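K.L.:
Before anything else, here's the structure in question.
The values are calculated or read from the model by the stated rules, or taken from the named source; none is laboratory data. What you see is a predicted model; the values in this text were computed from it and never measured. Note that we place each Cβ from the backbone using ideal geometry, even for glycine, and neighbour counts take in every protein chain shown. Remember, those area values only see protein heavy atoms, side chains included, never the ligands or the DNA or RNA. Shrake-Rupley method; radii C 1.70, N 1.55, O 1.52, S 1.80 Å.
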2 protein chains.
Amino acid sequence: MDLLNNYLIYLIPVFGLIGIIAMAIKAAWVTKQDAGDGDMVTLAGYIADGAMAFLRAEWKVLSYFVVVAGLLLAWSGTTVVTSSPVIAISFVCGAFLSAFAGFLGMRIATKANVRTTQAARTSLAKALKVSFTGGTVMGLGVAGLAIVGLGSLFIVFYQYYVVHVTGSSVNGEAMAKALDVLAGFSLGAESIALFARVGGGIYTKAADVGADLVGKVEAGIPEDDVRNPATIADNVGDNVGDVAGMGADLFGSYVATMLATMVLGREIVSHDAFGGIAPILLPMVIAGLGLIFSIVGAAFVKIKNETDSVQKALNLGNWMSIVLTAVATYFVVQWMLPNDAFHMVRDEDAGGAIKAGSLVFTKNGVFMSIVVGLVVGTLMSIITEYYTAMGKRPVLSIIRQSSTGHATNIIGGLAVGMESTVLPILVLASGIYGSYHFAGLYGVAIAAAGMMATTAMQLAIDAFGPIADNAGGIAEMSRLPEEVRHRTDNLDAVGNTTAATGKGFAIASAALTSLALFAAFVGVAGIEHIDIYKADVLAGLFVGGMIPFIFSALCISAVGRAAMAMVEEVRRQFREIPGIMEYKAKPEYEKCVAISTKASIREMVAPGLIALITPIIIGFAFGPEVLGGLLAGVTVSGVLMGIFQSNAGGAWDNAKKSFEKGCLINGEMYYKKSEPHKASVTGDTVGDPFKDTSGPSMNILIKLMSIVSLVIAPHLHKDVSPTERVQNELQQKSHITHVIKADKKA
Amino acid sequence: MDLLNNYLIYLIPVFGLIGIIAMAIKAAWVTKQDAGDGDMVTLAGYIADGAMAFLRAEWKVLSYFVVVAGLLLAWSGTTVVTSSPVIAISFVCGAFLSAFAGFLGMRIATKANVRTTQAARTSLAKALKVSFTGGTVMGLGVAGLAIVGLGSLFIVFYQYYVVHVTGSSVNGEAMAKALDVLAGFSLGAESIALFARVGGGIYTKAADVGADLVGKVEAGIPEDDVRNPATIADNVGDNVGDVAGMGADLFGSYVATMLATMVLGREIVSHDAFGGIAPILLPMVIAGLGLIFSIVGAAFVKIKNETDSVQKALNLGNWMSIVLTAVATYFVVQWMLPNDAFHMVRDEDAGGAIKAGSLVFTKNGVFMSIVVGLVVGTLMSIITEYYTAMGKRPVLSIIRQSSTGHATNIIGGLAVGMESTVLPILVLASGIYGSYHFAGLYGVAIAAAGMMATTAMQLAIDAFGPIADNAGGIAEMSRLPEEVRHRTDNLDAVGNTTAATGKGFAIASAALTSLALFAAFVGVAGIEHIDIYKADVLAGLFVGGMIPFIFSALCISAVGRAAMAMVEEVRRQFREIPGIMEYKAKPEYEKCVAISTKASIREMVAPGLIALITPIIIGFAFGPEVLGGLLAGVTVSGVLMGIFQSNAGGAWDNAKKSFEKGCLINGEMYYKKSEPHKASVTGDTVGDPFKDTSGPSMNILIKLMSIVSLVIAPHLHKDVSPTERVQNELQQKSHITHVIKADKKA
């Protein structure tokens, strides 16, 4: 047992390696499946090429960014902005691994799509196996690379800053430095995530909206029709937005929750068998367990017959991994954490002693907080599904309001989106309250870590959706027989549901992660409160609350602009290339791909800079407390705008889809091409950038701003607030007046 | 001078009386103008009757509410919830005067409308005079009644609680009680405002949307066509929503800013010639001056020739009143406030001495804060106008995006609305920062009071708009000659601009008022910070941020439901009453009026209860600090949602209106009935509830929740937080463990 205690820190990357090996096996399996023939291979080739073209273009910009930001970080480490030039190394590692995970996931997703189509010619069971295995590669890749990266870097920094420099292996002030530097890893990962999410979101919706507006509405050809020049860009978009974007988002959340919990764990006075660092190691161990049990859970995702429920198979796998991880976590907590109560906060000035009046909790409290995190994640997914699912009240209300036209459909969707914030916020607020109740701010962070433990599984389920969607697209474009399309539609329908629940999970994780980072920020900045009764902090809260609005506005209008460019290009091709409509001439797919690629790269810069630079300006100009107000404002408003936009978009989408099978409004049936259906298409088009661009971008925005703040936190001047300076002067002057008056009286 | 010092307190209601007398003179003048003949009188009669029918129905419900709430307040005064049963009297006075001001304003507005039409037969100058004088009645009535009511009640409570009970006339603990009880006046006013704004907002948009959907879209008859059964309801709506609703909103802000400044003024240690109560009297004196100079400014609103600019005349009057008030305020501040520095906060436990480390400022600081308030109000109006005006970039971008259909029009409008939050929030944040910088939280409150000083003038300009709009409607319905309609259109166009700037002013005033109330709440609750680093306070912030979303959702869907009922009724009348289309049969206007009336009364209850009850539950269950977090969340999110919705709606409206004169998109001209115009109508319909129901309701929501909190503030238990209780137990247990361990070791 002692041996295990001593070497636990080295076990952590091993968990990650196991994940990577499992991923490699699954990737190899997918690759060797039959890719079909003729048109299928050609079309899949276009999609894969388009996806890689986007990645190459994105990487080109991002490599500049990473080099410049890395140099700035290295330089800042020699000044007062960050702790050490070494932070640049963590940053580059985080950025590289996040990008690499995205690359691997997308590479396999663009192979799995056509292989799923081919498998669907045989059976639903086979098609599910190929598409879900494709998704698993993304999930395992993200989780595996994150754990290997973070775990290894932690070992290096721990050995260097703590063991090597201080000659002791216990938690102390040196550990703070190690974690400061480690924060760069999360910063790198989250920066890439921003560009992947925002850029990918703009790409996919510019292509989608553009393809629909001309193809479906003007030319009257179905979605995914091979004659539509934008159809390849649309299918590429599913991969770069829903696979790579979502992967980068969760990679970022996964790393950030671990990091924030570690930072807060350092502030705990713990008498454990690991030199007091058990609370720091715990989140990484839990993540490792979650990864292992995600591999186990994935084995349960299978069906036998054509009539078996795909959703049930996915649910079984998901629940297996969650329950097993929770049980294992219980024993790990019992083993790693000591029996006496923990105290938060350590007082480094007093040699790491307990600070007076500090918070107290027990290891059972820590476990209960993890349970709270799991419950929050599950409830958020369920609520999201309710608000966006077909046949439930919210979507039905939009369908009913489609009967009086475009405007009432929009009003209905906006109202549903706004209403849908209520339950998630109550769940989240109760989660914050509960996890804090059980284990203080460490509890809030470890709740997030618990929720994120099975990220590999969540992401596998998420990535399965767009693969199935692509598979259906390829089947449609290759004009395969009805039964093939029927099977891929079955998978695609399940994929729509998992996309909705996945979004709920992603928002919940981003919210809890931001709160954990927020708590870590306050601890590292060394401030005692963030008092919104102070006018400058309140002003910060207002400005913070506004940022998600301008960020959303930028994302939405970027999609609008890019979609209009796409519309014009498609119209041009229909006009100038004769024979497209008769399948005689091939449209110039690559031109549409290029439009989406260029637009997304160009338009992701402005929102990205807002997220990166605002905390730095506010932090250094007004001090950490105002920055804290800003972060709180961004987080609250970002979570609300994220839920509002994602759910409104999801509900509009399914209201439109409901018309495919026919909708009963006031005793009359309406189908596709009816007036209410046209109104519902308007809603869906408005919802597209909501649910796939601006909505999910909120996740990254709130996390990135928090992580930037955490990185600069140790170096903010606590007493810099200009208002306070003026006050001090006035106080002094008024004192002088009083003295003079007293003199006169005397 | 000593005499003036002693009797200043009695002068305050006199200012209000002067306003009321001026109002009576102007009301009499409007009444004796020529009301025209035939159809005009009949139609105006329908509108006046409809408006009164709504008021009667609303008052019936409100009188129940006032009686029940008054009894609850009286009872609560005998328990621990509020300070004294006397608060019920203030509450009833505030509710009654607010309702009475609304009644007077609407009574005259429904007379001024037809008289404006008649005057427009002669000249534009005459038409402006009638319509603006009608608006002035509303402005002077609101300001006059508010000052008379608040000023008189203050005299009574001051005499009773301070002079009579303590036998001294100086500021002391007794003053706190007097102001606690006075807060009921503001609570009453704001409660009525909530129902007037929300109910009025639902009324006007249900009628407007319903009338447009069937009349313009289905039957193809123009707006304000006498054949449309919903047209009278539509015109009534302008009065109950834009006149009475806006009036009640500003009545509430006006009273609440004064009250909040008085409450904060009590915490100042001031060595003035008024027994230390100069900071308490100051906001009422400033309001009185503003009222007098509004009367002066109104005299400058006139034109001579048909080609003179109406907008310039309004601007001249507005600027006259603002500048004169500012100059007068400078001298009043110099006269009333002492020369030595003020200290905030008094320490009642030390006999009203200066609390250690309390904030310091000077009388020049107070004046500078007032200037900040004036600047904030002006900038907010200018920014709002930019984002909603024809021919400016935001509206032009929506017009351009109308060319690709309904969906892109909606996306464009939503993006404009979101983007439009940036500058107002920066102005507001700078305003908070600046006014605090000059005079602490008293500065924030007095800035609001300064901004609200010329409420009478602002409201006169605001109420002029719907009167002109109605006048145009009556001209159209009576089929008067082209030139009459031309003159009323001229006034109406100016009215649209003033409506936009008025909304900017109303939001700014609501935001600053809420902040002032928030500051007063914290002072009265006796807490030192509102620390969002505490998990429960942060949870409160999240829940608070969510409330404007559900409130908006309820308002929007109420309009949607009521509009659909209206659509069905109009369709029924067209179907069942033969001859309507040929002007042979009169539609049943009163049925449509009844639908709007019933719907608005029914639907205003749920949002109203949310606003009233949430602070009480949170305050008593979780303590004042969590309630503070909730209020901050509501205020930030409410201001953002208010600006977003109001400006999006305004921009959509003017994008649609732009098509009347033709819009140039990509080198081609588009007019009414073109495809882009149809898309713009969709945007306008979506924008209707945004800009006239849910958007402006945010103002009331944030103010009402703050005022409810202020009323219950003195009675909240500071240490009630359940989490803190658990912590104390754990602390104790952990202490015991440590003691036992120490024993063992020993």
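K.L.:
For the stretch A:170-191, what are the residues that are open to solvent by 10 Å² or more (accessible area, probe 1.4 Å) and in contact (Cβ under 8 Å) with a residue 40 or more places away in the chain?
P.N.:
We begin by selecting, within the stretch A:170-191, every residue open to solvent by 10 Å² or more (accessible area, probe 1.4 Å); these are A:170-174, A:176-177, A:180, A:187.
Residues satisfying the conditions are A:Val170, A:Asn171, A:Gly172, A:Glu173, A:Ala176, A:Lys177, A:Asp180, A:Leu187.
K.L.:
Moving on to the next point. Return the residues of the stretch B:491-514 that are at pLDDT below 90, within 24 Å of B:Ile232 (Cβ to Cβ) and not charged (D, E, K, R); say none if nothing qualifies.
P.N.:
Hits for the stretch B:491-514 are B:Ala493, B:Gly495, B:Asn496, B:Ala499.
K.L.:
Any idea which residue in the stretch A:338-372 is farthest from A:Leu423 (Cα to Cα), counting only those that are within 14 Å of another protein chain (Cβ to nearest Cβ) and in a helix (DSSP H, G or I)? Outline the logic, then answer.
P.N.:
Just the residues of the stretch A:338-372 that are within 14 Å of another protein chain (Cβ to nearest Cβ), to begin with: A:338-345, A:353-366, A:368-369, A:372.
Those still in the list that are in a helix (DSSP H, G or I) too: A:363-366, A:368-369, A:372.
Details: A:Lys363: 30, A:Asn364: 28, A:Gly365: 25, A:Val366: 25, A:Met368: 22, A:Ser369: 20, A:Val372: 16 Å.
Applying the filter and picking the extreme gives A:Lys363.
K.L.:
Would you mention how many residues in the stretch B:540-551 are open to solvent by 10 Å² or more (accessible area, probe 1.4 Å) and over 16 Å from B:Ser706 (Cα atoms)?
P.N.:
Of the residues in the stretch B:540-551, 1 are open to solvent by 10 Å² or more (accessible area, probe 1.4 Å) and over 16 Å from B:Ser706 (Cα atoms).
K.L.:
Next question, about the same structure. Report, ordered by the first and then the second residue, all pairs with beta carbons closer than 7 Å, sequence separation of six or more or different chains, a first member in the stretch A:101-118 that is part of a helix (DSSP H, G or I), and a second member that is of a type in the set (Asp, Glu).
P.N.:
Final answer for the pair search is A:Arg115/A:Asp34; A:Gln118/A:Asp34.
K.L.:
Something else: If you check every pair at least six apart or on different chains, which have Cβ atoms under 6 Å apart with a residue in the stretch A:294-316 that is under 22 Å from A:Val327 (Cβ atoms) first and a residue that is in a helix (DSSP H, G or I) and open to solvent by 20 Å² or more (accessible area, probe 1.4 Å) second?
P.N.:
Note: pairs meeting the criteria are A:Gly297/A:Met320; A:Phe300/A:Leu316; A:Phe300/A:Met320.
K.L.:
Exactly one of (1) of a type outside the set (D, E, K, R); (2) more than 14 Å from chain A (Cβ to nearest Cβ); (3) under 23 Å from B:Arg56 (Cα atoms) is unmet by B:Ala206. Its number?
P.N.:
(2)
K.L.:
Tell me, please, whether a residue that is among the β-branched types (Val, Ile, Thr), more than 22 Å from B:Ala520 (Cβ to Cβ) and open to solvent by less than 10 Å² (accessible area, probe 1.4 Å) can be found in the stretch B:154-169.
P.N.:
The answer is no, given that none of the residues of the stretch B:154-169 is among the β-branched types (Val, Ile, Thr), more than 22 Å from B:Ala520 (Cβ to Cβ) and open to solvent by less than 10 Å² (accessible area, probe 1.4 Å).
K.L.:
Within the stretch A:613-634, can one find any residue that is away from chain B (no Cβ under 13 Å), within 30 Å of A:Ile399 (Cβ to Cβ) and at pLDDT 90 or above?
P.N.:
No - not one qualifying residue is present in the stretch A:613-634.
K.L.:
State yes or no: is A:Ala558 in contact with an Asp or Glu (Cβ under 6 Å, 6 or more places away or on another chain), touching a residue at least 12 places away in the same chain (Cβ under 8 Å) and within 11 Å of chain B (Cβ to nearest Cβ)?
P.N.:
Working: in contact with an Asp or Glu (Cβ under 6 Å, 6 or more places away or on another chain): yes; touching a residue at least 12 places away in the same chain (Cβ under 8 Å): yes; within 11 Å of chain B (Cβ to nearest Cβ): yes.
It is true that A:Ala558 is in contact with an Asp or Glu (Cβ under 6 Å, 6 or more places away or on another chain), touching a residue at least 12 places away in the same chain (Cβ under 8 Å) and within 11 Å of chain B (Cβ to nearest Cβ).
K.L.:
Oh, and also: Restricting attention to the stretch B:433-465, which residues are over 22 Å from B:Gly365 (Cβ atoms) and open to solvent by 10 Å² or more (accessible area, probe 1.4 Å)?
P.N.:
Within the stretch B:433-465, B:Gln458, B:Ile461, B:Asp462 meet the criteria.
K.L.:
Can you name the condition, by its number, that B:Ser131 falls short on among (1) in a helix (DSSP H, G or I); (2) open to solvent by 30 Å² or more (accessible area, probe 1.4 Å)?
P.N.:
(2)
K.L.:
Please pick out the residue among B:Ala35, B:Ala22, B:Ala48 that is touching a residue at least 24 places away in the same chain (Cβ under 8 Å) and in a loop (DSSP other than H, G, I, E, B). Show your work before the answer.
P.N.:
Details: B:Ala22 fails: in a loop (DSSP other than H, G, I, E, B); B:Ala48 fails: in a loop (DSSP other than H, G, I, E, B).
Exactly one residue qualifies, and that residue is B:Ala35.
K.L.:
Of all the residues that make up the stretch B:62-96, how many are open to solvent by 50 Å² or more (accessible area, probe 1.4 Å) and touching a residue at least 60 places away in the same chain (Cβ under 8 Å)?
P.N.:
The total comes to 4.
K.L.:
Which numbered condition in (1) hydrophobic (A, V, I, L, M, F, W, C); (2) without any contact (Cβ under 8 Å) to a residue 12 or more places away in the chain; (3) touching a Gly at 6+ places or on another chain (Cβ under 9 Å) is the only one that B:Ile202 fails?
P.N.:
With respect to (1) hydrophobic (A, V, I, L, M, F, W, C); (2) without any contact (Cβ under 8 Å) to a residue 12 or more places away in the chain; (3) touching a Gly at 6+ places or on another chain (Cβ under 9 Å), B:Ile202 is out only on (2).
K.L.:
Do you know which residues across the stretch A:312-361 are open to solvent by 50 Å² or more (accessible area, probe 1.4 Å), under 23 Å from A:Gly275 (Cβ atoms) and either among the polar types (S, T, N, Q) or in contact with a helix residue (DSSP H, G or I) (Cβ under 6 Å, 6 or more places away or on another chain) (or both)?
P.N.:
Selection gives A:Gln334, A:Asn339.
K.L.:
Further, regarding this structure: Spot the failing condition for B:Tyr387; the list is (1) in contact with a Ser or Thr (Cβ under 7 Å, 6 or more places away or on another chain); (2) away from chain A (no Cβ under 14 Å); (3) farther than 16 Å from B:Ile268 by Cβ, and only one is missed.
P.N.:
Status for B:Tyr387: all satisfied but (2).
K.L.:
Residues B:Ser430, B:Ser397, B:Ser402: which one is open to solvent by less than 10 Å² (accessible area, probe 1.4 Å) and within 12 Å of chain A (Cβ to nearest Cβ)? First the steps, then the outcome.
P.N.:
Details: B:Ser430 fails: open to solvent by less than 10 Å² (accessible area, probe 1.4 Å); B:Ser397 fails: open to solvent by less than 10 Å² (accessible area, probe 1.4 Å).
From the options B:Ser430, B:Ser397, B:Ser402, the qualifying one is B:Ser402.
K.L.:
Give the number of residues within the stretch B:469-501 that are of a type in the set (Gly, Ala, Ser) and either free of Cβ contacts under 8 Å to residues at least 12 places away in the same chain or within 17 Å of B:Asp692 (Cα to Cα) (or both).
P.N.:
We begin by selecting, within the stretch B:469-501, every residue of a type in the set (Gly, Ala, Ser); these are B:471-473, B:475, B:478, B:493, B:495, B:499-500.
Pick out the ones that are also either free of Cβ contacts under 8 Å to residues at least 12 places away in the same chain or within 17 Å of B:Asp692 (Cα to Cα) (or both) and you get B:493, B:495, B:499-500.
So the count comes out to 4.
K.L.:
Sticking with this structure for a sec: Return the residues of the stretch B:618-675 that are within 16 Å of B:Ile707 (Cα to Cα) and among the acidic types (Asp, Glu); say none if nothing qualifies.
P.N.:
B:Glu625
K.L.:
Within the stretch A:72-98, how many residues are modelled with pLDDT of 90 or more and over 19 Å from A:Phe157 (Cα atoms)?
P.N.:
Here the count works out to 1.
K.L.:
Here's another thing I want to ask about it. Kindly check whether there is at least one residue in the stretch B:489-509 that is within 8 Å of chain A (Cβ to nearest Cβ) and open to solvent by less than 30 Å² (accessible area, probe 1.4 Å).
P.N.:
First, pick out the residues of the stretch B:489-509 that are within 8 Å of chain A (Cβ to nearest Cβ): none.
Within the stretch B:489-509, none of the residues are within 8 Å of chain A (Cβ to nearest Cβ) and open to solvent by less than 30 Å² (accessible area, probe 1.4 Å).
K.L.:
Can you find a residue in the stretch A:432-445 that is among the aliphatic types (A, V, I, L, M) and in contact with a strand residue (DSSP E or B) (Cβ under 8 Å, 6 or more places away or on another chain)? Give the steps one after another, and end with the answer.
P.N.:
Step one: list which residues in the stretch A:432-445 are among the aliphatic types (A, V, I, L, M), which gives A:432, A:439, A:441, A:444-445.
Restricting the remaining residues to those that are in contact with a strand residue (DSSP E or B) (Cβ under 8 Å, 6 or more places away or on another chain) gives A:439, A:441.
Yes.
K.L.:
Still on this structure: If you go through the stretch B:209-236 one residue at a time, how many are assigned to a helix (DSSP H, G or I) and not charged (D, E, K, R)?
P.N.:
In the first step, residues of the stretch B:209-236 are kept if they are assigned to a helix (DSSP H, G or I); the result is B:209-219, B:231-236.
Now restrict to residues that are not charged (D, E, K, R): B:209-211, B:213-215, B:217, B:219, B:231-233, B:235-236.
So the answer is 13.
K.L.:
Can you name every residue in the stretch B:518-555 that is touching a strand residue (DSSP E or B) at 6+ places or on another chain (Cβ under 7 Å) and within 8 Å of chain A (Cβ to nearest Cβ)?
P.N.:
Those that are touching a strand residue (DSSP E or B) at 6+ places or on another chain (Cβ under 7 Å) and within 8 Å of chain A (Cβ to nearest Cβ): B:His529, B:Ile530, B:Asp531.
K.L.:
Looking for something away from chain A (no Cβ under 14 Å), buried (at least 24 other Cβ atoms within 10 Å of the Cβ) and either within 22 Å of B:Thr498 (Cβ to Cβ) or among the charged types (D, E, K, R) (or both) - is there at least one such residue anywhere in the stretch B:218-232?
P.N.:
Scanning the stretch B:218-232 turns up no residue that is away from chain A (no Cβ under 14 Å), buried (at least 24 other Cβ atoms within 10 Å of the Cβ) and either within 22 Å of B:Thr498 (Cβ to Cβ) or among the charged types (D, E, K, R) (or both).
K.L.:
If only one of A:Val269, A:Val255 is in contact with a His (Cβ under 7 Å, 6 or more places away or on another chain) and closer than 30 Å to A:Gly352 by Cβ, which one is it?
P.N.:
Working: A:Val255 fails: in contact with a His (Cβ under 7 Å, 6 or more places away or on another chain).
Going through A:Val269, A:Val255 in turn, the sole match is A:Val269.
K.L.:
Let me ask something else about it. In the list B:Ser694, B:Ser646, which residue meets the criterion of being away from every other protein chain (no Cβ under 13 Å), open to solvent by less than 10 Å² (accessible area, probe 1.4 Å) and modelled with pLDDT of 90 or more? Quick ask: steps written out before the conclusion?
P.N.:
Numbers: B:Ser694 fails: away from every other protein chain (no Cβ under 13 Å).
It is B:Ser646.
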